[in-house]
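Just so it is clear, none of the values below were taken in a lab; they were calculated from the coordinates. What you are looking at is a predicted structure, and each value in this text was computed from that prediction instead of being measured. Cβ placement follows ideal geometry from the backbone for every residue including glycine, while neighbour counts extend to all protein chains displayed.
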Amino acid sequence: MEHWIELGQPDEKRTRKACGRARRVTVHPYSGSSAEICWSQNGERLQRFDNLAVIAFPAEAGPALAPMARRNMQLQCNIQDGEAWFSDGEIDVTVKPEEWKAI
C-alpha cells in the first residue's frame, strides 16, 4: 500500500499497523483540544515511525467547512505554502493545518 490516510485521534496500535503496511502514513486529527490531549499522551511513542506524518486541522475548520457538506458535493482543494483552500463554487474556506510530525 502506498499511502494510508487516517482521520481522527491517532491510536498507537492502529498507527503501528498502518506504518508496517504502507510506505507513507498520514494522520489528520481533529476536534481541537481533545486532539491535542491525545497527541500529548501518544505523540512521543509515535515519533519513532519514520513514515508517519501527523497534520492537525484547527478546531474552527470543521464549522467553516460544514456548510459545504452536501449529498452530491463537489469540492476543489488547492494546497500551497502550508495552507489548504477549499471551494464548492459558492463558499471558499482557507485552512492552515498544523504539522505535529513531519516525515
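Would you mind stating whether P63 is exposed (fewer than 11 other Cβ atoms within 10 Å of the Cβ) and not polar (S, T, N, Q)?
yes
Take the residues in the stretch 36-60 that are acidic (D, E) and closer than 15 Å to T15 by Cα; name whichever of them is surrounded by the most Cβ atoms within 10 Å (Cβ to Cβ).
Among them, the one singled out is E44.
In the stretch 29-61, what count of residues is obtained for those that are among the hydrophobic types (A, V, I, L, M, F, W, C) and farther than 21 Å from W4 by Cα?
Summing the residues that are among the hydrophobic types (A, V, I, L, M, F, W, C) and farther than 21 Å from W4 by Cα in the stretch 29-61 gives 3.
In the stretch 66-100, how many residues are surrounded by 12 or more Cβ atoms within 10 Å (Cβ to Cβ) and assigned to a loop (DSSP other than H, G, I, E, B)?
Residues in the stretch 66-100 being surrounded by 12 or more Cβ atoms within 10 Å (Cβ to Cβ) and assigned to a loop (DSSP other than H, G, I, E, B): 4 in total.
Can you list residue pairs whose Cβ atoms sit under 7 Å apart, with the first residue in the stretch 7-23 being more than 13 Å from R48 (Cα to Cα) and the second being surrounded by 17 or more Cβ atoms within 10 Å (Cβ to Cβ) and of a type in the set (G, A, S)? Count only pairs 6 or more apart in sequence or on different chains.
Matching pairs, first to second residue: Q9/A35.
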